[in-house]
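The values are calculated or read from the model by the stated rules, or taken from the named source; none is laboratory data. Values in this document were obtained by computation on a predicted structure and should not be read as measured data. Cβ placement follows ideal geometry from the backbone for every residue including glycine, while neighbour counts extend to all protein chains displayed.
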């Protein structure tokens, strides 16, 4: 079976407001982070399935004749994509030799790749192909790197198989799929996320698929129609933390001081709603400094609330102080207790200020990227629309 | 007329929780601050009234025969102490030559002294006496220094005149008045506060009179029966600020983000109530580390909330950071925007840690005192119970 070559990318995600509060039934706003994962799928003729994941030093190749035997005897295209095919998962774990214990990043990436490949192509002849992935996202930093990977995999495999269209025209630099096809990509990406995370919320793959911003409340995910593109700095303090520990720390604090903490969660909920309102105004009326002032104030207030919840960290205090010294406002994003923070850049923030701030943050030992939030979700690329250095990595053999 | 010699002192005040929130109908807790103002009243024979206020470089003397003419013709003992006698105020302002414009600290202190002196003694023969005052409190720092002064004046003048008893027995070091006499002292001190502040809340003179802690809600002041004595550091960042500006800044923020700020005020209210509960437990059951942990957490949460209200300041952030580096928790007290902060000391905090912390704070350019909160209100002293250096200042001529 001959397949289409495909070049796709999907964004990471950041929580703009509502991290932790969302666990307690409040609104959270997730946004696409324009640090992207790129995937190049190429048809080959050697009868092999190859995967190159240079970010995590993973370069694997399987003989298709061996891989064929992993497919369960009564497998076929499944309509219900909310659950994994347990038989296929078991056979794959045996195939790659990870039947028990926790998987490392490389094993999880391999397993979800093979699962999606066999699910998409398993009912027919397995095509010979090479998949190469390069991501601008750090892994394990709460920035949705696994979801961006799963979304890219789902889009590329579905597109290569012909299950969804190839929306890119000759004259396009990039193109996106229609809503129905995006729904399909998202469902398959969720399968990949289930392999990697066990019980994912579905937020990360939804952001990777739709991009922009989405509202997350009580398990319901609603993509928001229009949001402005906002320039930010994304800083990784590189302080390791456990989301599970942080979530239970917040729960303990709520149990210890219910009358004090309940209003704090209400206030965070109101911050998310107010932020949504401000961002929506920014797409429907002329953007003013007042809009940015409000966004900055919401950052500051929420950062204080997250400290009240006990998920701050001295490294995050440093981030806030260093950026405030340049007139910029920051908050943690995600689980906190270290991890990442975002800093809002205003349209008038000069590149000199941005560069100086990035340098100051790097001097603190942090990683720091100038990027944006609110950009597009998964898209197909003409090679010309991808940075030279990324193409080079993807085309390296 | 011959009067009794009296030596008295009254404490300053700090807001433990609820500053700013109290303006919006929430509970605040005010506590006595064991930085005290001492007043020594001595009968003399020269036919003069002398006042020595070395803290503010004020040393004045009046001829009683001249002062007599200031008393309004139809003056007498007044029962209603919630309002000033406008005729006496006007005559006094003329007498000291401050008929218009804002008064400086020295003029306000002089005016309230003369007002209380003439109100207490004006219906009879004016006694010849010298009043000397020394305060451990900085002025204009929101620590109730004017109220401590007014309370001392009221207690000493009423006691000297015989309007209230002299509770000190020969064998006592210190002694306090009964509830009824304290009510009278408080009412007269409120008159002094009205001269100085125009429209005082009455909290500062109540703390100076009753000491301990009191709950302040919607203009009602309720002294709390029993509170533990807590060791603290009191730090004056010396950053000047305007309470009026800060109060209106909070109001603006509430108007701008009502749905976000209303829960924050509710949370502060719950902090005050929780703190009151913890302190009450500390007087009725064995004090444990958990009590102190809770008090520290309440400090931290409230400090974040005060930052959310916009009344923080980099100097206060520095205070919090420097003390936290020693394992100690701080919050601003009073209006914020600079001004003063309190740091809780635990029973097990060693004097080495305290000394090192005080030094670090002084190195930041701050003034810092090791003191306590929750101590007694106005009291009469035997000289032996007052530090040598304070007696020396009070007895200097």
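Values for this structure:
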item	result
Residues within the range A:270-285 that are facing chain B (nearest Cβ under 8 Å) and free of Cβ contacts under 8 Å to residues at least 60 places away in the same chain, tallied	2
Verdict on residue A:329 being more than 9 Å from chain B (Cβ to nearest Cβ), under 19 Å from residue B:305 (Cα atoms) and without any contact (Cβ under 8 Å) to a residue 60 or more places away in the chain	yes
The listed residue being at positive phi and either away from chain A (no Cβ under 13 Å) or under 25 Å from the mean Cα position of the chain (by Cα) (or both), out of B:289, B:375, B:312, B:365	B:365
Residue match in the range B:212-231 (condition: part of a strand (DSSP E or B), at pLDDT below 95 and exposed (fewer than 15 other Cβ atoms within 10 Å of the Cβ))	yes
Residue among A:267, A:248, A:259, A:242 that alone is away from every other protein chain (no Cβ under 14 Å) and more than 19 Å from the chain's Cα centre (by Cα)	A:248
Single condition residue A:343 does not satisfy, out of (1) out of contact with any strand residue (DSSP E or B) (no Cβ under 7 Å at 6 or more places or on another chain); (2) more than 14 Å from chain B (Cβ to nearest Cβ)	(1)
Top-ranked residue in the range B:247-265 [being in contact (Cβ under 8 Å) with a residue 40 or more places away in the chain and under 15 Å from residue A:260 (Cα atoms); ranked as surrounded by the most Cβ atoms within 10 Å (Cβ to Cβ)]	B:264
Within the range B:193-211, tally of residues that are on the phi > 0 side of the Ramachandran plot and at pLDDT 95 or above	1
Check on residue B:337, buried (at least 22 other Cβ atoms within 10 Å of the Cβ) and closer than 30 Å to residue B:244 by Cβ	yes
Unmet criterion (only one of (1) within 14 Å of another protein chain (Cβ to nearest Cβ); (2) within 21 Å of the chain's Cα centre (by Cα); (3) surrounded by fewer than 21 Cβ atoms within 10 Å (Cβ to Cβ)) for residue A:321	(2)
Hits in the range B:199-210 - residues which are without any contact (Cβ under 8 Å) to a residue 40 or more places away in the chain and touching a strand residue (DSSP E or B) at 6+ places or on another chain (Cβ under 9 Å)	B:201, B:202
